[in-house]
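The values are calculated or read from the model by the stated rules, or taken from the named source; none is laboratory data. Nothing here was measured: the structure is a model prediction, and the numbers come from that model. Glycine also receives a Cβ, built like all others from the backbone with ideal geometry; neighbour counts cover every protein chain displayed. Protein only, heavy atoms only, side chains kept; ligands, DNA and RNA dropped before computing areas. Shrake-Rupley method; radii C 1.70, N 1.55, O 1.52, S 1.80 Å.
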Amino acid sequence: MSDVSRPSPAPSPVAAVIPAAGKGVRLGPGAPKALRTLNGTPMLIHAARALAASRAVSLVVVVAPPDGAAEVKSLLDAHGLPGGGIPGGSGERTDFLVVPGGDSRQESVRLGLDALPPEYGVVLVHDAARPLVPVDTVDAVIEAVRDGAHAVVPALPLADTVKEVEPAAEPGAPEPVVATPARARLRAVQTPQGFDRRTLVRAHETVTGEVTDDASMVEQLGERVVVVPGHEEAFKVTRPLDLVLAEAVLARRRLNDGF
Ligand code: C5P
């Protein structure tokens, strides 16, 4: 007898961790970056909704500023995303959990991973500071992990040529250029980054030192990381001008969607 009639196993459930504990000093003084509003709604809420929009994502863990978990919970409640629920087996619904974060992005992600129930075999890590990522990008990352990749990053080609520099001889002096990597081989990496959960946990247990994304920790394990196409609307809101751009994207979406 062949196996053809046997139903294929259900795909592993997907959880998303949103590190949202950063101060966002480059945006200027004010509330923590994730709580800054775009069209009246905090960036974190936009980001949480963007991930929950994927049918595959059944749990979103929000990592709040260390002293701000209660505030983030009530914010999620106020926007119809109850953040205190016990996750598990909710079918099409998305559950939300809030945990306090740490001093570095890495520590915040690790605290989010620690809160995941055992059934989640696929984990996305998504910056709260990328509130407008389209659901197609989220789904493309999930699909690549479910197809067998252990680590997947969405990324775009660069418009600018990139130079590697070394520190200036003295403060304020011009920085000497040491190299110009071939632009065609460079990619600007976005989130959500997607992982086989065991691989990401191993990376967080093994790799120490400052990193700026999770995939680079997996690279340091010697594991293969692959790229899928990113999206220009998945940009990171970092500087004041990015807030203007994000509100323009939202205005265009409202026009296109007719609401
Ligand atoms: O600082 P950067 O823009 O790289 O931060 C990326 C993401 O990591 C942001 O969503 C920020 O809130 C989060 N972060 C965190 N805990 C920290 C520092 C940053 O969750 N201690």
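Observations on the model:
- Among the residues of this structure, V244 counts as one that is assigned to a helix (DSSP H, G or I) and without any contact (Cβ under 8 Å) to a residue 12 or more places away in the chain.
- Candidate set from region 121-157 (those that are assigned to a loop (DSSP other than H, G, I, E, B) and of a type in the set (A, V, I, L, M, F, W, C)); member that is surrounded by the most Cβ atoms within 10 Å (Cβ to Cβ): A128
- Against the list (1) within 21 Å of P65 (Cα to Cα); (2) at pLDDT 95 or above, the condition L81 fails is (2).
- Flag for E233 being more than 16 Å from H126 (Cβ to Cβ) and surrounded by fewer than 20 Cβ atoms within 10 Å (Cβ to Cβ): no
- Scope region 20-43; condition crowded, with 22+ Cβ neighbours inside 10 Å and either more than 8 Å from the ligand (Cβ to nearest atom) or more than 18 Å from V109 (Cα to Cα) (or both); matching residues: P42, M43
- Residue in region 196-215 that is part of a strand (DSSP E or B) and either open to solvent by less than 80 Å² (accessible area, probe 1.4 Å) or in contact with an Asp or Glu (Cβ under 7 Å, 6 or more places away or on another chain) (or both) present: yes
- Residue in region 134-148 that is at pLDDT 95 or above and closer than 30 Å to T180 by Cα present: yes
- Summed over region 237-258, the residues that are within 16 Å of the ligand (Cβ to nearest atom), out of contact with any helix residue (DSSP H, G or I) (no Cβ under 7 Å at 6 or more places or on another chain) and either over 18 Å from V189 (Cβ atoms) or open to solvent by 60 Å² or more (accessible area, probe 1.4 Å) (or both) give a count of 4.
- Contact map, region 141-165: residues that are closer than 16 Å to T191 by Cβ paired with residues that are open to solvent by 50 Å² or more (accessible area, probe 1.4 Å) and of a type outside the set (A, V, I, L, M, F, W, C), Cβ distance under 6 Å, separation 6+ or inter-chain. Pairs shown: A155/R187.
- Single residue of R202, R252, R187 found to be touching a strand residue (DSSP E or B) at 6+ places or on another chain (Cβ under 8 Å) and of a type in the set (K, R): R187
Residues checked against (1) within 23 Å of L44 (Cβ to Cβ); (2) more than 16 Å from the chain's Cα centre (by Cα); (3) within 16 Å of the ligand (Cβ to nearest atom):
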{"site": "V122", "(1), (2), (3)": "yes, no, no"}
{"site": "D127", "(1), (2), (3)": "yes, no, yes"}
{"site": "P174", "(1), (2), (3)": "no, yes, no"}
{"site": "A182", "(1), (2), (3)": "no, yes, no"}
{"site": "V189", "(1), (2), (3)": "yes, no, yes"}
{"site": "D196", "(1), (2), (3)": "no, no, no"}
{"site": "T199", "(1), (2), (3)": "no, yes, no"}
{"site": "G209", "(1), (2), (3)": "no, yes, yes"}
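- Region 97-120 residues that are near the ligand (Cβ under 7 Å from one of its atoms) and assigned to a loop (DSSP other than H, G, I, E, B), paired with ones that are modelled with pLDDT of 95 or more and not hydrophobic (A, V, I, L, M, F, W, C) (beta carbon under 6 Å, 6 or more apart): G101/S108; G102/S108
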